[in-house]
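Inspection log for the structure reproduced underneath, given as structure tokens.
Read-outs: derived from the displayed coordinates by stated rules, not from any lab. Just so it is clear, the structure is predicted and the values come from calculations on it, not from any experiment. Cβ coordinates were reconstructed from backbone atoms using ideal geometry, including for glycine residues, and neighbour counts include every protein chain displayed.
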Amino acid sequence: MDYQFKDIEQKWQQFWADNQTFKAEDKSTKPKYYVLDMFPYPSGAGLHVGHPLGYIASDIFARYKRLKGFNVLHPMGFDSFGLPAEQYALETGQHPADTTEKNIATFKSQLNKIGFCYDWDREVRTSDPQYYKWTQWIFLQLFNSYFCNTEKKALPISRLINKYETKGAMPKTGDPIPGKHFTAEQWNAYSKNEQEDILMKRRLVFSAYGEVNWCEALGTVLANDEVVNGVSERGGHPVVKKKLRQWYLRITAYANRLLDGLNTVEFSESMKEMQSNWIGKSSGAEIEFEVGSQEPGAGSRLRVYTTRPDTIFGVDFMVIAPEHELVNKIKTPEQTKAIDDYVAYVKSRSERERMAEKKITGCFTGAYALNPFNGREIPIWTSEYVLAGYGTGAIMAVPCGDERDHKFAQHFNIPITNIIGSHYSGEEANATKDAILENSDFINGMVMKDAVDVVINKIETMGIGIRKVNYRMRDAAFSRQRYWGEPIPIVWKDEIAYPLDEKELPLVLPHVDTYKPGPDAQGPLANIPEWAKPTELPPALTGGRRETSTMPGYAGSSWYFLRYMDPHNDATFCDRKLSDYWNQVDLYIGGTEHAVGHLLYSRMWTKVLYDLNLIGFDEPYRKLVNQGMIQGSSRFVYRVTHHLENETQKTKAHLFISFNKLNETDFIKDWLAQKNIGTDQSSVQIISKNNPELKIEDSGKVTDELDIAVISKLHVDVNMVDGVELNIDEFKKWKNGEFADAEFILEDGKYICGVEVEKMSKSKYNTVNPDDLCNKYGADTFRMYEMFLGPVEASKPWDTKGIEGVHRFLKKLWRLFFDDIKGKVWNNDKANDVELKVLHRTIKKIEEDTERFSFNTAVSTFMICVNDLADLKCNKKEVLEKLLILLTPYAPHIAAELWDQLDNKISILDASFPVFDAKYLVETSKEYPVSINGKLRTNISLALDLDQKQVEEIVLQNDIVQKWLEGKASKKIIYVKNKMINVVV
RNA sequence: GCCCAGAUGGCGGAAUUGGUAGACGCAACAGACUCAAAAUCUGUCGUUCGCAAGGAUGUGCAGGUUCGAUUCCUGUUCUGGGCACCA
């Protein structure tokens, strides 16, 4: 009876499904544990071996926790809204709902083949109306909330309205600023539109005009990377910056809490750092400069943000962003033309150009600002290196301390003031904070970092500025001019956004026949008049138009972990009792690519829901583990084609040269002669790889030149290559026999392929399908091999070649129970001390390794254990059944089958994890390594209870130690109990 | 440019707290079983000198701390990832 993995795996997968073995109960006397994977986008390509890496890790942990006595929630679902489905629809006309449905079916069958313990009853799909009903509902909560700066949390907007109606919005100190402050009377007198505009500036999702890349010819907004040199990447149409109404998520309000929250979660240091860099907190001051006496700007106030107020006496010029409103206000008549030209020039440039070129540009406005401390006149420039969106959109430039300011000053010949003495070379800026200040009036002689607070305090008492914290993070764009996403539940009427009533949710995505963009920068939904301008609106909204943008991909994934807790609830997004019970995700596994997207949005939504008292915790993920990316390892063949007058000759003859023969071009000439191709083969040029004078063409490229033999590199399917050796028979059958008549130049009778590591993708023929591996070796082998590859967090190229080793291990395990000839060999004999020692050593190591997510070393521990038991000829149930429990999380099918064969009554999934007992590992003596001067010379076996003096005596008597002492006395003997001995001479 | 992580045999990797470097597996080589193959089993396997016993050397590179360093410190090179005019 040998190891029939196919039958076993099918049998148990069926059994688990039929018995709903993995159904999670919403209450239990056991402690709860929530294990979550980042749910996949169901792409048409299906799963490749890279996807399951994290899923296997989480599955092992979920099963392990169950054995450890936890009530485990381990769900799976699909992030099924998204751009690829829509692009596929544009190309093929197939409806995204249909392709998505099909893809999900494929994904599920692939996942089930690997034997994951998901509770499929709880599956969620973001594109399901029953799901996105609640995404839209949360949108309404965001819309109807504002961030209270006093309480530092979200509150219902009704409270703000109430405050405005009764108290207005007046400053605590100082005079009210028109446009910013108002009394209750003023508020009540405002028109509906004026009031809504003010409220919109506080809502957590809000609509505002933002600058986007607009391409008129394509009728759509383009992302920055879709614009090259000011024209669209596709078609080369002009692209302009355009202010368009867009929806935004006010994530900036949560910047500080998102930063602080990182201290309460277990994320990797690099993950925390990526997030805090993205949030980009900086502290400094806003300082107001008065614009000097020159007209027309005289008396205007220019506000700048700086992190270095200590350098205030080193300010040699000011720079304001070209979009800054003051530019037009302060430009002098002489500079007007230059400024207008410059602003127009900046406008014509795309983000990308600005970033790529990095050339120094700018223009003097003609105006001067006054240094508030010494009245010095400082020229005000405008330049594109100052961004309108950060700080106040204006800076004070200190060339001796800031590299960009320094380059700018040099470029425009602006004199540089040195306030840091010898720290400034005159050649380049020095951003030190440790210099002693010079030329700095009242802070002369101070160390720079001490002067920061002195200056801030002074500007605050003078009333010309304030201490200020700034964040680099921007509010996130929340609308997409796309079809395949959640419709935004808003109706526009008279320029006012009205949220739909909860009762009207879900606002279902209508069926469309075309996915082309709508008019005026609107999405495809605008092409359906009956939907965009519906007749059946509530009376108050009659004549209104629906918002035609849809939500971005991150909307649905920002809260899905909550829906798994209560997936079928039609009355609320997630019952409070259930979210209190399941609480935070205890273990979240996924890739680092979501570091600053999904994870930040999801953390923010959680905080909002917490603030609104809808859930009881404000961080979604207690611990995050990032699995590494599995790259593809591509294989190449090198094809010689010869170019003559017509295509036919080129494609008819294929000669493939083995990798290490690429620079031996004689083969090619011989072959050409033999084939009678080419006018005169001695004059044939050969373009080749490893030959330095010759170059190789990329796959499929054809040159126009004649009489050239080109060696081109072609991806071949990695599945027909064994290591680097091409399976020639399979290759000839590949692609419907395109290479059936291929000829080969071999080395040692083999065709050796080239190898490169690339992203895993279908087009590179380097994908490996987990289904194939499960069919060939079984899911248990596949699971353990993925783990055996290396640490889960590490990225590595996929290589199937070691999988045999893991498969052999499982077969060896099987033979501890059943022999091919003898049949059943396991027995009920009592285990001896040696066997128990092997077992308990294994229990200890597996528990430790699993707890620290070191699954690769756990697999090797299993191998060591099985090797030891085989050597000991131990077939005892007492030992083996414990080993099976340990193995269940890693190789659930074989463990379940063998457990069953051992006549056990309860399910192995509910067995309890073996308890490690240290008494089996107690030793009385140890083989100590003995070093002389740090170099290992011998081993001496010593009893463990010896003291230093006894050890020294024994060691010094040892022949080998004596030999190395060469008659000299030892200076010192270092004896570390249970570790080693070192004799110092 | 800035920040982070990493570099160990032919290959993937192990060494958890400064204490026997190379666990476990792959590949390779030799052998057993077999008519043969598959499967399985046994042995060798960093480099180098040596018949051997036994040496020397070895964790990217150069230093340092230590009785002892893959592990800690300084410098440096390379690779991967993130951010990129953020004042």
Value of D in µm² per second that Stokes-Einstein yields for region A:281-471, Kirkwood Rh from Cα pairs, at 20 °C (1.002 mPa s): 127 µm²/s
Radius ratio Rg over Rh of region A:484-552, counting only Cα atoms, Kirkwood formula for Rh: 0.93
Taking N as its residue count, the alpha carbon Rg of region A:718-804 over 2.2 N^0.38 Å: 1.25
If you place +1 on the Cβ of every Lys and Arg, -1 on the Cβ of every Asp and Glu, and leave all else neutral, what size is the dipole of region A:771-920 about its Cα centre, to the nearest 20 Debye? 400 debye
Loop-located GluC sites (Glu not before Pro) in region A:891-933, at most 15 other Cβ atoms within 10 Å (DSSP): A:Glu923
Nitroxide proxy distance, nm - points 7 Å out along Cα→Cβ at A:Asn19 and A:Glu377: 9.1 nm
Could you name the aspartates and glutamates whose alpha carbon sits less than 15 Å from that of A:Lys971, not counting residues in the same chain fewer than 8 places away? A:Glu952, A:Glu953
I want to make sure I understand the PRE zone here: with the label point 7 angstrom from the Cα of A:Asp903 toward its beta carbon, which residues in region A:826-869 have backbone N atoms less than 15 Å away? A:826-830
Pairs of alpha-carbon atoms within less than 8 angstrom and 6+ residues apart define the contacts here; what relative contact order does chain A have, in percent? 12 percent
May I ask you to compute the full-extension gain from A:Asp772 to A:Glu185, defined as 0.36 nm times their residue separation minus their alpha-carbon distance, rounded to one decimal in nm? 204.0 nm
Filter A:Lys30/A:Lys577; A:Lys32/A:Lys607; A:Lys68/A:Lys108 down to the pairs with a C-alpha to C-alpha distance above 20 Å, please. A:Lys32/A:Lys607; A:Lys68/A:Lys108
Give me a comma-separated list of calculated 3J(HN,Hα) values for region A:499-516, in order, Karplus coefficients 6.51, -1.76, 1.60 applied at θ = phi - 60°, integers in Hz, x for any Gly or Pro. x, 5, 6, 3, 4, 8, 7, x, 7, 6, 5, x, 6, 10, 9, 9, 10, 6
Too-long pairs where the Cα-Cα distance tops 18 Å, listed order kept, from A:Lys329/A:Lys458; A:Lys837/A:Lys905; A:Lys163/A:Lys201; A:Lys776/A:Lys873; A:Lys822/A:Lys876; A:Lys837/A:Lys919: A:Lys329/A:Lys458; A:Lys837/A:Lys905; A:Lys776/A:Lys873
Exposure proxy ranking, count of Cβ atoms within 10 Å, fewest first, for A:Thr311, A:Thr332: A:Thr332, A:Thr311
Each label sits 7 Å from Cα toward the beta-carbon; between A:Arg472 and A:Glu730 the label points are separated, in nm, by 4.7 nm
Obtain the nm distance between the two label points defined at A:Lys503 and A:Val834 by a simple spin-label model: each point lies 7 Å from its Cα along the Cα-to-C-beta direction. 8.1 nm
Compute the long axis of helix A:83-92 from its Cα atoms, compare it with the longest principal axis of the Cα atoms of chain A, and write down the angle in degrees, 0 to 90, nearest 10. 90 degrees
Taking region A:923-984, how much of its Cα-Cα pair set, in percent, is spaced more than 14 angstrom apart? 48 percent
Check A:Lys468: other-chain or 5+ apart residues with amide H under 5 Å from its amide H, H built from backbone geometry? A:Gly284, A:Ala285, A:Glu286
Going by alpha carbons, how many degrees (0 to 90, nearest 10) lie between the helix axis of A:336-348 and the longest principal axis of chain A? 30 degrees
Dipole of chain A (Lys/Arg Cβ +1, Asp/Glu Cβ -1, origin at the Cα centre): which of A:Phe5, A:Ile974, A:Val718 lies farthest to the positive side? A:Ile974
Between A:Asn328 and A:Arg937, 0.36 nm times their residue separation minus their Cα-Cα distance comes to what? 210.9 nm
Arrange the following residues from fewest to most other Cβ atoms within 10 Å of their Cβ: A:Asp917, A:Asp570. A:Asp570, A:Asp917
So the FRET efficiency between A:Glu536 and A:Lys243, C-beta based with R0 = 25 Å and rounded to 0.05, is 0.15
Does anyone have the angle between helix A:728-737 and the longest principal axis of chain A? Alpha-carbon axes, 0 to 90°, nearest 10? 40 degrees
Taking only the Cα positions of region A:771-920, the convex hull volume per residue in Å³ is 119 Å³
Could you tally the net charge around A:Ile528, taking each other residue with its Cβ under 11 Å from the Cβ of A:Ile528, Lys/Arg +1 and Asp/Glu -1? 0
Which length gain, in nm to one decimal place, applies between A:Asn444 and A:Glu738 when the Cα-Cα distance is subtracted from 0.36 nm times their residue separation? 97.7 nm
Arrange A:Glu786, A:Glu743 by Cβ neighbour counts within 10 Å, fewest through most, would you? A:Glu743, A:Glu786
Within straight cross-link reach of A:Lys243, meaning Cα distance under 16 Å, which lysines are found once same-chain residues fewer than 8 apart are removed? A:Lys347
In this structure, the FRET efficiency calculated for A:Leu872 and A:Ser158 from their beta-carbon separation, with R0 = 45 Å, to the nearest 0.05, is 0.05
So the FRET efficiency between A:Thr29 and A:Thr572, C-beta based with R0 = 25 Å and rounded to 0.05, is 0.45
Please list the non-local residues whose amide H lies under 5 Å from the amide H of A:Ile745, H modeled 1.01 Å from N, same-chain partners needing a gap of 5 or more. A:Phe656, A:Ile657, A:Ser658
Counting every Cα pair in chain A, what percent are over 39 Å apart? 62 percent
